[in-house]
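Have a look at the structure below before the remarks.
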Amino acid sequence: MTALFSGVRGAPLAGRASLMECGAFPARLGTREPFRELIAGVEAALDLRAHRAGTLPRHAAYLHQRTAGRIGSLTRLIRQAAITAILDGSERITKASLDQVRLDHLAETHHHTTRDRSPNPRWPGKAPLTSKNTGTPMRSTNHLLQNR
C-alpha cells in the first residue's frame, strides 16, 4: 500500500483508483526496438518546419539513457525541445537542444548516475576530448552559451 491511499484524503482516492506499476519501456525486446519505435511515433507528430524525420530515432540509445526509459520523461523532453525550437526560430530538434532540457528528478538522477560512470560524462561511452598538442582534456565551452 502506498501513502497516497492513506489518511482522510487518501481513503476516497483508494476507493476510485488502482495503483499501476509502470517500469521502464524496453530499449530492445527480442529483435524489436520498441523504444526507437515509440520515438519515431512521437517524432511523426511534430510539426516543426526544419526538423528532419529520423533525427530522433537515431538518438534512441541516448534518449533511453537520458529518460531512464520512461515514456513520460521522453515525451516531456521532446515537447520541451520542440517548444524551445519554435521560440528560438530554429524549428528543429538536435541532440544539443535535447541536452539543454532539464527533466524530472528520476530521469535526471538516472542520467547523471550513468554519466558519472563514463570516462567522458558529457558523452557516455566516448573518451574525453583531448588537445592534439598537449594530450590534456579540453574544457567545455557550454558555459559561454549559457547567457546568450
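Brief remarks follow.
- Qualifying GluC sites (Glu not before Pro) in the range 5-90, DSSP loop, other Cβ atoms within 10 Å at most 10: Glu21
- Loop-located trypsin sites (Lys or Arg not before Pro) in the range 1-85 whose Cβ has at most 15 other Cβ within 10 Å (DSSP): Arg28, Arg49, Arg52
None of the figures in this text is laboratory data; all of them are computed from the coordinates on show. None of these values were measured; they are calculated from a predicted model. Every residue, glycine as well, gets a Cβ built from its backbone with ideal geometry; the counts of neighbours run over all protein chains shown.
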